[in-house]
Amino acid sequence: MKPIQVGLLGFGTVGSGVAKVLARNAEEIGRRAGRAIEVKRVAVRNIDKARAAAPLAVTEGLAFGNDMQAVVDDPDINIVCELIGGTTLAKDLVLRAIANGKHVVTANKALLAIHGNEIFAAAQQAGVMVMFEAAVAGGIPIIKALREGLTANRIEWLAGIINGTSNFILTEMRDKGAAFADVLAEAQKLGYAEADPTFDIEGHDAAHKLTILAAIAFGIPMQFDKAYLEGISKLTREDIAYAEELGYRIKLLGIAKRRANGIELRVHPTLIPAKRIIANVDGVMNAVVVQGDAVGQTLYSGRGAGSEPTASAVVADLVDVTRLLTADPEHRVPHLAFQPDRLADLPILPIAEVETCYYLRLQAHDQPGVMADVTRILADAGISIDAMMQKEPAEGEKIVDIVILTHVAIERSVDAAIARIEALETIAGRITKLRLENLDR
Ligand SMILES: NC(=O)C1=CN([C@@H]2O[C@H](COP(=O)(O)OP(=O)(O)OC[C@H]3O[C@@H](n4cnc5c(N)ncnc54)[C@H](O)[C@@H]3O)[C@@H](O)[C@H]2O)C=CC1
Ligand SMILES: N[C@@H](CC=O)C(=O)O
Ligand code: NA
């Protein structure tokens with residue numbers, strides 16, 4: 001049978017990894033897919049740079065060029081593989097490929113989180129597949145698991161470490177005392193970071209991925225603009241150390257939770273009990289915990305970024321598309337796991353409505369009555385305390401750090417209580433608020 005012809009857009013970290021994996025495992029992949037999968041053309045910005053990104057044995061047979069549209073318009077190409085990133089050119093090329101009746105495989109989470117509704121509608125109408133396993137948690141087959149393996153379940157919530165760069169930074173800072181900027185530079189060198197690394201450290205990338213996961217888990221449209229996001233750049237060494245002392249690890253988590261009145265969709269640094277497996281997922285590794293009503297909790301872990309781990313997911317999609325090429329579009333798994341005309345209109349809840357536990361760090365003047373005032377304000381707001389820790393003041397200092405862990409509370413009540421506590425004369429400066437998830441409900 002004639003090989004499937006792939007047009008690669010982009011030959012950077014991921015694109016070159018795809019070419020390497022396809023070349024190295026051609027025999028196995030062909031046996032699985034039923035026919036060979038070949039890269040027919042590659043379009044890049046800089047051909048010399050692209051050629052240098054993989055060994056000669058991989059690149060010598062590849063037709064490199066600069067013209068992205070020519071690849072998308074090439075009548076011999078069956079699958080366009082978009083690996084350039086960004087949301088403008090990538091969007092135009094993907095929509096053009098779809099209009100040309102070509103299937104698309106992409107690793108671009110920003111593109112799908114922001115323009116996914118339009119792209120999937122276009123694909124549906126054209127009867128083509130848009131596959132995106134690499135867009136969430138790199139090599140972990142989490143899209144496959146949610147769309148297919150867990151399809152019997154009503155998903156209650158999911159929570160994941162879904163940005164490799166920030167997990168790498170947090171781990172290196174904790175284990176080696178490394179400086180934030182140095183570890184970020186290392187993550188960039190290793191090909192983990194986005195073209196603009198603020199996407200990684202400020203939570204945008206995780207929120208893009210969470211938006212996609214929530215759409216598939218709950219059967220809702222992509223709603224990236226409603227996701228709450230907070231990154232790791234403001235985390236302090238004190239908070240990381242205090243969390244450890246209390247038996248918790250701080251991870252940048254993406255959390256999507258079904259509530260009676262809507263969906264929580266939030267990315268932020270989160271304390272997790274250190275004994276949980278996910279709390280021990282370190283470095284570039286990602287992990288996603290999914291709570292389904294029938295199966296209970298399942299956990300998926302693996303490399304969330306990097307050349308070949310991400311290529312593993314891209315190539316898996318190429319194989320899936322190849323296998324399903326001749327299937328009636330009605331018999332394929334729906335893009336968002338639910339039939340497109342059955343997506344639910346559930347609202348995304350504002351962060352003030354979120355219910356979780358909290359870590360509060362206060363700086364207080366070391367004098368009698370402070371704790372009584374603080375606990376009274378929390379009690380008045382209906383917030384119950386789970387644990388409290390008071391640090392000894394440093395030599396000659398009159399200010400002490402007090403850390404409070406709360407039971408589950410509504411964020412707006414916590415914020416109101418914080419405002420009242422900060423107004424106390426005995427409290428110095430602002431209170432640090434972090435969210436805490438036990439991941440057991
Ligand atoms: N690096 C990683 O670990 C992962 C990356 N991704 C996603 O994969 C996509 C690609 O990422 P990387 O390979 O890391 O990026 P990269 O920067 O290493 O490679 C991008 C490639 O696209 C080409 N390109 C970019 N803009 C272009 C333009 N305007 N015109 C022509 N060529 C252009 C570049 O020449 C280069 O070959 C992005 O959407 C990224 O978010 C997804 C999962 C993991
Ligand atoms: N920049 C991303 C790459 C994979 O999606 C990350 O660090 O996770
Ligand atoms: Na994946």
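Here is a check on your reading of the model: is Ala305 away from ligand 2 (no atom under 16 Å from the Cβ), crowded, with 18+ Cβ neighbours inside 10 Å, in a loop (DSSP other than H, G, I, E, B) and modelled with pLDDT of 95 or more?
Criteria not met by Ala305.
Which numbered condition in (1) more than 11 Å from ligand 2 (Cβ to nearest atom); (2) modelled with pLDDT of 95 or more; (3) over 17 Å from His335 (Cβ atoms) is the only one that Gly138 fails?
(1)
Could you list, in sequence order, the residues of the stretch 154-213 that are touching a strand residue (DSSP E or B) at 6+ places or on another chain (Cβ under 9 Å), basic (Lys, Arg) and within 14 Å of ligand 1 (Cβ to nearest atom)?
Answer for the stretch 154-213, where residues must be touching a strand residue (DSSP E or B) at 6+ places or on another chain (Cβ under 9 Å), basic (Lys, Arg) and within 14 Å of ligand 1 (Cβ to nearest atom): just Lys209.
Between Pro221, Pro269, Pro273, which is within 19 Å of Gly164 (Cα to Cα) and of a type outside the set (Val, Ile, Thr)?
Criteria check complete, one pass: Pro269.
For the stretch 351-437, which fully contained strands (runs of 3 or more DSSP E) count at least 1 residues that are polar (S, T, N, Q) and surrounded by fewer than 18 Cβ atoms within 10 Å (Cβ to Cβ)?
In the stretch 351-437, 355-365, 385-390 are the strands (runs of 3 or more DSSP E) which contain 1 or more residues that are polar (S, T, N, Q) and surrounded by fewer than 18 Cβ atoms within 10 Å (Cβ to Cβ).
Please work out which one of (1) outside the structural domain of Ile162 (by TED's automatic domain parsing); (2) closer than 30 Å to Glu353 by Cβ is the condition Ala294 fails and give its number.
Just one mismatch for Ala294, condition (1).
If you take the residues in the stretch 80-103 that are within 16 Å of ligand 1 (Cβ to nearest atom) and in a strand (DSSP E or B), which one is nearest to the chain's Cα centre (by Cα)?
Among those that are within 16 Å of ligand 1 (Cβ to nearest atom) and in a strand (DSSP E or B), it is Glu82.
So which pairs qualify, if the first residue must be in the stretch 186-205 and in a loop (DSSP other than H, G, I, E, B), the second must be within 16 Å of ligand 3 (Cβ to nearest atom) and aliphatic (A, V, I, L, M), the Cβ gap must be under 6 Å, and the two must be at least 6 apart or on different chains?
Correct list of pairs: Tyr192/Val284; Tyr192/Ala305.
A quick yes/no check of all residues on (1) closer than 23 Å to Gly191 by Cα; (2) out of contact with any Leu (no Cβ under 6 Å at 6 or more places or on another chain):
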position	(1), (2)
Pro75	no, yes
Val80	yes, yes
Thr87	yes, no
Leu95	no, yes
His103	no, yes
Leu111	yes, yes
Gly116	no, yes
Ala121	no, yes
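Can you find a residue in the stretch 344-360 that is more than 28 Å from Ile155 (Cα to Cα), of a type outside the set (Gly, Ala, Ser) and not assigned by TED's automatic domain parsing to the domain that holds Ile240?
yes
When the stretch 334-381 is examined, which residues are found to be among the acidic types (Asp, Glu) and modelled with pLDDT under 95?
Selection gives Asp345, Asp366.
Please identify the pairs in which a residue from the stretch 5-27 that is small (Gly, Ala, Ser) has its Cβ atom under 6 Å from the Cβ atom of a residue that is within 16 Å of ligand 2 (Cβ to nearest atom) and not in a strand (DSSP E or B), counting only partners at least 6 apart or on another chain.
The qualifying pairs are Gly10/Leu83; Gly10/Ile84; Gly15/Leu83; Gly17/Ser307; Gly17/Glu308; Gly17/Ala311.
Could you please find all residues in the stretch 165-185 being surrounded by fewer than 15 Cβ atoms within 10 Å (Cβ to Cβ) and either modelled with pLDDT of 95 or more or part of a helix (DSSP H, G or I) (or both)?
Asp175, Lys176, Ala181, Asp182, Ala185
The values are calculated or read from the model by the stated rules, or taken from the named source; none is laboratory data. Quick caveat, the model's predicted, so the values are computed rather than measured. Cβ: placed from backbone, ideal geometry, glycine included. Neighbour counts: every protein chain shown.
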